[in-house]
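See structure below.
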2 protein chains.
Amino acid sequence: MVNKVCVLGAGYMGGAITFPLSDNGIGVNLWGTWLDDDLISGSIGGFHPRLKKPLNKNVKFFYSSCLKDAISGVDTFFIAVTSEGFPGVFELLVDNLDFSKNYCFFKLTKGLVKYQGKIVRASEAAESIYKKHLKNLSGNIKGASEKNRIYKPAGFAMTSIGGPVRAVDLASRIPTVSVYGSNTKAAFDKIKYFTTDYYRIHRSSDPAGVEICSTFKNIYSIAAGLCDGIYGRNFKGSYYNIIALLFNQSVLEMLKIVEAAGGKKETAISFAGIGDLHVTSAAGRNRKYGELVGSGDDPAEAYCKMQREGEYGEGYVALKLSIPWLDKFGLDIEKELPLLSTLYRIIYKKNDIKKALNRLILKMGN
Amino acid sequence: MVNKVCVLGAGYMGGAITFPLSDNGIGVNLWGTWLDDDLISGSIGGFHPRLKKPLNKNVKFFYSSCLKDAISGVDTFFIAVTSEGFPGVFELLVDNLDFSKNYCFFKLTKGLVKYQGKIVRASEAAESIYKKHLKNLSGNIKGASEKNRIYKPAGFAMTSIGGPVRAVDLASRIPTVSVYGSNTKAAFDKIKYFTTDYYRIHRSSDPAGVEICSTFKNIYSIAAGLCDGIYGRNFKGSYYNIIALLFNQSVLEMLKIVEAAGGKKETAISFAGIGDLHVTSAAGRNRKYGELVGSGDDPAEAYCKMQREGEYGEGYVALKLSIPWLDKFGLDIEKELPLLSTLYRIIYKKNDIKKALNRLILKMGN
């Protein structure tokens, strides 16, 4: 049984995941980071200010300063902070864990992170942090026999969550299938307690693939937004061809990336890939970010503008990190990932958007 | 060089393909079927009444009764009639051809057709018609030596056109990539005369795969419309999760269908599959058909209603034909194509839409 969980991060997705969990009778401690204090104070009345939905009574709210209280007696965590905040929050979390217990981590955070000067997947950063902590603990109790050590040196395992799950839709209890990628029986055993009639969970044995997809769908969904920005005003209702084409090209490139970076192609073809890209391109924050840029906003300024309004354009950050990260896997970005490199040139090199997209499309047929 | 082509069918797609062709300086004879006479009379002023766009001056218009004039001196045909009209129009065309020449057929018509009591792909029906005609010719000139026969018994070849090409968008000259599936050098040699900066052509050596995709994307795009119908009113802006999920499931099922029916999986993953499904689900007539049904219209009545307004819901017809057609390929429709069978039960067995979709989604995760 799962009686209690802690959700770290009180934004859109952190708020939304409380719906199926608390509908199932699980007590949910919703902890906000130092950036979420307003969201927590807003939610205390029982109404999430971003989702604009009433929260269940078995959801409790914790300010950033009350992490210890939020995690007390909890062994199951959903982490829904931004990718930029992820390493810091995870360090804070493990610093406060009692390592005599086994924990299950479910990661809703998407994206690549910078950790100790390297660009890695968020779950890789988490593993380093976790192991470093174990090592420190081990150091502190030198001499204790392996058997008597207070921590359990069990393998680190973090479930990566993906799939076509837009927070607002989930909070509206619209039928949704999420993908949980894990290699751990302990994690899969808990899944049955999270599902409801409207929140179904599809199990994947490819956590890396799920995580890579969730990073790149944020990047590629900027493309749909760019089209909305450049064509929306003058061609309303008649520029679906290019949106569909770029969507398809995104899928083709995601397949290559997932395979090259150690995930499975099937993961990108299934709900964590195509499905999540679809929902994000149709209605996500990264699409919105693209639209701002397509409408003429400076790429860096558009990102800041959204952040000031509490909307986080993950794709902007992930795009920058993705180029050096992909370098490791021997992909020729210019040739094999022409849409990704086009997006990079638009966002970080300020190439003219229409010209850059037209150049790409000229190459896609002849 | 291609100086002149004849486009058969003056509806949306027949009208739209005249844009890149005539922009390239090709003279286009636009012939309307007996159902298109109003469209032809409307277009004669130079403005296509469906597309609501001005047509180029080098497009000429031909009523259904003037087929001979329309095809005079032409060896390149674009066929853009409905799937229901296809066999009849193709018979009429070959009856009027002079078989001392070589012809290239480019087929924009999607879908399965009924021909001589069998359900076959449109290009298979065309091949039977063509070969029957050759045989008749051969019969008429019995005794003529093989060498002196007036017809050329060259292999029949029809290019299947697919890809994310919505007619209105193409007529707005929005950047578009179309897929031409063929195994014939003669067809590929002509392609370069059709392309423009905004109309790019991607060559595929899998005409069957392109044709199968173009059939099934029409069927599956009904799903997005059903969701618009059942959720649009009460959940405006918050039911993207289920749309994306069903889109992804459609892709997974199209992959299975294309492979089982003799096409290549890659075709379904590329522009003829995912891309075309995307544009049709977002804004095609089959999506609109689904929305009518999702809003409570009787499935058969909704089809007729659209037809009265000159809009042809191909997917409705293709769905019915697809079930017996798929039977041939040893797929277990209930188990392997659960969305297709759900759509069939909704449209042809009047199952409750919400319940049927929920039942499907319950099975997609656990």
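Here, each number is a calculation from the coordinates, and none is a lab measurement. Everything numeric in this text was worked out from a predicted model, so none of it was measured. Every residue, glycine as well, gets a Cβ built from its backbone with ideal geometry; the counts of neighbours run over all protein chains shown.
Each of B:D38 and B:K68 was given a label point 7 Å from its Cα along the Cα-to-Cβ line. The distance between the two points is 2.9 nm. Remark: the range B:33-44, residue by residue, has Karplus-estimated 3J(HN,Hα) of 6, 4, 8, 9, 4, 5, 5, 5, 5, x, 7, 4 Hz, where x stands for each Gly or Pro and the curve is 6.51 cos²θ - 1.76 cosθ + 1.60 at θ = phi - 60°. Residues whose amide H comes within less than 5 Å of that of A:D297, counting only those at least five positions distant or on another chain, are absent (H built at 1.01 Å from N in the peptide plane).
With the highest mean first, a sort of the peptides B:306-312, A:259-265 on other beta-carbon atoms found within 10 angstrom per residue produces A:259-265, B:306-312.
With K and R counted +1 and D and E -1, the other residues having a Cβ less than 9 Å from that of B:G229 yield a net charge of -2. Packing around the peptides B:121-127, B:272-278, B:8-14, taken as the average count of other Cβ atoms within 10 Å per residue, puts them in this order, highest first: B:272-278, B:8-14, B:121-127. Within chain B, helices built from complete DSSP H runs that reach 24 Å or longer along their own axis (Cα positions) and carry a mean Kyte-Doolittle hydropathy of 0.0 or higher are B:207-231, B:240-260. Sorting A:239-252, A:69-82, B:166-179, B:64-77 by their mean Cβ neighbour count within 10 Å, with the most densely packed peptide first, gives A:239-252, B:166-179, A:69-82, B:64-77. If R0 is taken as 25 Å, the Cβ-Cβ distance between B:A260 and B:K320 corresponds to a FRET efficiency of 0.85.
Working from Cα pairs under 8 Å separated by at least six residues, relative contact order for the range A:263-323 is 24 percent. Length gained on full extension, A:T196 to A:D23, computed as 0.36 nm times the residue gap minus the Cα-Cα distance: 61.5 nm. When you restrict to C-alpha pairs under 8 Å that are six or more residues apart and normalise by the size of chain A, the relative contact order lands at 14 percent. Counts of other chain beta carbons within 10 angstrom of each beta carbon in peptide B:249-258 average 2. Across the cross-link table entries B:K101/B:K185; A:K110/A:K185; A:K265/B:K256, which are compared at the Cα atoms, the separations over 20 Å belong to A:K110/A:K185. The distance separating the Cα centre of the range B:159-174 from that of the range B:78-135 comes to 22 Å.
An oblate overall shape is assigned to the range A:171-281, the ratio a/c of its alpha-carbon gyration tensor axes (a ≥ b ≥ c) being 1.5 or greater and a/b not exceeding b/c. For the range B:187-204 versus the range A:212-273, the spacing of their alpha-carbon centroids is 24 Å.
A straight chain from A:N56 to A:K236 at 0.36 nm per residue would run longer than the Cα-Cα distance by 60.8 nm. Relative to one another, the C-alpha centroids of the range A:1-61 and the range B:298-355 are positioned 41 Å apart. Counting only other chain Cβ atoms within 10 Å of each residue's Cβ, the peptide A:200-212 averages 1. Helices in chain B, meaning DSSP H runs of at least 4 residues, each add -39500 (n - 2.57). Divided by all residues, the mean residue ellipticity at 222 nm is -15500 deg cm²/dmol. Scanning residues 5 or more positions from B:G27 or on other chains, those with amide H under 5 Å from its amide H are B:K4, B:V5, with H placed 1.01 Å from N in the peptide plane. Using the Karplus relation 6.51 cos²θ - 1.76 cosθ + 1.60 with θ = phi - 60°, the per-residue 3J(HN,Hα) values for the range A:58-74 come to 7, 9, 10, 10, 9, 5, 4, 6, 10, 4, 4, 5, 5, 9, 4, x, 10 Hz, with x marking Gly and Pro.
Here's how it looks for A:F78: its modeled amide H is under 5 Å from those of A:C6, A:V7, A:L8, A:F106, which are all 5 or more places away or on a different chain.
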